[in-house]
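Novice: Below: one structure in structure tokens.
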Amino acid sequence: MAAVVEPLTEEAMVRRRGEESGTGWRRALFRASGGAVRVPARVAQRRRDEWITRIRTELPGWHTVTVASIKGGIGKTTVSALLGLALAEHRGDRIVALDANPDAGTLADRLLGHPATRTVRDLIAELDSVGTTTDMARYTATAHRLHVLASDQDPAMSEAFSKGEYDQVLRLLKRFYNIIITDSGTGLVHSAMGGALESTRTLVIAGAPTVDGGSRASKTLDWLHAHGFDELAADAAVVLSQDRSSREVDREAITEHFRRRCRAVVDLPLDPHLMTGGQIVFDRLRSRTRDAALEIAAHVGDQFGWAWPEPPTVPTRVLQHAAPRHPDES
């Protein structure tokens, strides 16, 4: 039976006047560092090496990751982009990030620096014509080694991206990619999101260490439990973006709330490069931000070794072009 977790209320999240973060040497270190504790270089490098090892966990077949939240404007696209870039940087297989936002998503802009010339809407219209990686490449663009499949920028057309169409796109992507990351867009209730959750193997929930950001992420978990996604919620990783924060908010209370409800919690620090809202260039991020991206990817990599069902049968005509398969797969 799942542990009973108290609701994440404003009273629990806001630190009242006079309260401090920690006591003794922890308080002194917190004040001296401005809230950012510096880890010795050798310790930090060992930690990075461990994250990279987990990211490189052998993956039999394919794996689907969905980045979600019950409300928009909470950093899902940024988290999707950072996760995709970190995985692509340290893995040798094929990875694609899919923008499933029904409201003209910006994933392509954040990864490419410009709108994509072709979108998932074009792919849906021409599904039967895709038989090789060359065919698939007509609909995607690349950011470093990460492939990107953009959403349609016409909101009227994007609304037509239904659950059935998402399922079709996902079946096709599984032929050519080992890891599929879905940026779910503005919420959990649009039609395509139902298809994404049903096929998700790892869920990443975006939130923030604020009253509204924390409560949105917590309500996302409530929604998942109410709709039968209990295991997906329990195994989720929560990413708390620090672009909005306040000393009046008790970050530790928020973090502890999600530690009790989910498998992992990651803090995504404030970063001037991310705050521009423009193209994300991994090398221009602060080292702490790159570390956070590695940590998110490591928690995803932890799920790669599970004995998931076999991937769908690939037609003979595309086997020679498809993503590499594990030697044990037939």
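Novice: Considering only residues that are part of a helix (DSSP H, G or I), under 19 Å from the mean Cα position of the chain (by Cα) and either at pLDDT below 90 or surrounded by fewer than 20 Cβ atoms within 10 Å (Cβ to Cβ) (or both), which ones fall in segment 248-282?
Specialist: Selection gives T255, R259, H273, M275, F282.
Novice: Then there is this: Please specify each residue of segment 93-113 satisfying the condition of being free of Cβ contacts under 8 Å to residues at least 60 places away in the same chain and out of contact with any helix residue (DSSP H, G or I) (no Cβ under 7 Å at 6 or more places or on another chain).
Specialist: If the condition is that a residue be free of Cβ contacts under 8 Å to residues at least 60 places away in the same chain and out of contact with any helix residue (DSSP H, G or I) (no Cβ under 7 Å at 6 or more places or on another chain), then A108 is the only one that fits.
Novice: To continue, here is another question. Where the second residue is of a type in the set (S, T, N, Q) and crowded, with 24+ Cβ neighbours inside 10 Å and the first is within 16 Å of I180 (Cβ to Cβ) and lies in segment 66-82, which pairs have Cβ atoms under 6 Å and are six or more apart or on separate chains?
Specialist: Correct list of pairs: T66/T182; T66/S184; V67/S80; A68/S184; K76/S69.
Novice: Do you know which of the residues in segment 212-224 that are more than 15 Å from Q242 (Cα to Cα) and in contact with a helix residue (DSSP H, G or I) (Cβ under 6 Å, 6 or more places away or on another chain) is surrounded by the most Cβ atoms within 10 Å (Cβ to Cβ)?
Specialist: So, considering only residues that are more than 15 Å from Q242 (Cα to Cα) and in contact with a helix residue (DSSP H, G or I) (Cβ under 6 Å, 6 or more places away or on another chain), the one surrounded by the most Cβ atoms within 10 Å (Cβ to Cβ) is L221.
Novice: Next question, about the same structure. P115: surrounded by fewer than 18 Cβ atoms within 10 Å (Cβ to Cβ), more than 24 Å from L240 (Cβ to Cβ) and at pLDDT below 90, yes or no?
Specialist: yes
Novice: Go through the residues of segment 225-239 one by one and say whether even a single one is of a type in the set (D, E), within 14 Å of V204 (Cα to Cα) and without any contact (Cβ under 8 Å) to a residue 40 or more places away in the chain.
Specialist: Within segment 225-239, one or more residues are of a type in the set (D, E), within 14 Å of V204 (Cα to Cα) and without any contact (Cβ under 8 Å) to a residue 40 or more places away in the chain.
Novice: Here is a further query. Hey, does segment 179-193 have a residue that's in contact with a Ser or Thr (Cβ under 8 Å, 6 or more places away or on another chain), in a helix (DSSP H, G or I), more than 28 Å from V281 (Cβ to Cβ) and at pLDDT 80 or above?
Specialist: No, that holds for no residue.
Novice: Also, I was wondering about something else. Quick test of your reading of the structure: W51 fulfils all but one of (1) modelled with pLDDT under 95; (2) touching a helix residue (DSSP H, G or I) at 6+ places or on another chain (Cβ under 8 Å). Name the failing condition by number.
Specialist: (1)
The values are calculated or read from the model by the stated rules, or taken from the named source; none is laboratory data. Note that the coordinates shown come from a computational prediction; the quantities given were computed from them, not determined experimentally. Please note: Cβ atoms are built from the backbone with ideal geometry, for glycine as well, and neighbour counts cover all protein chains shown.
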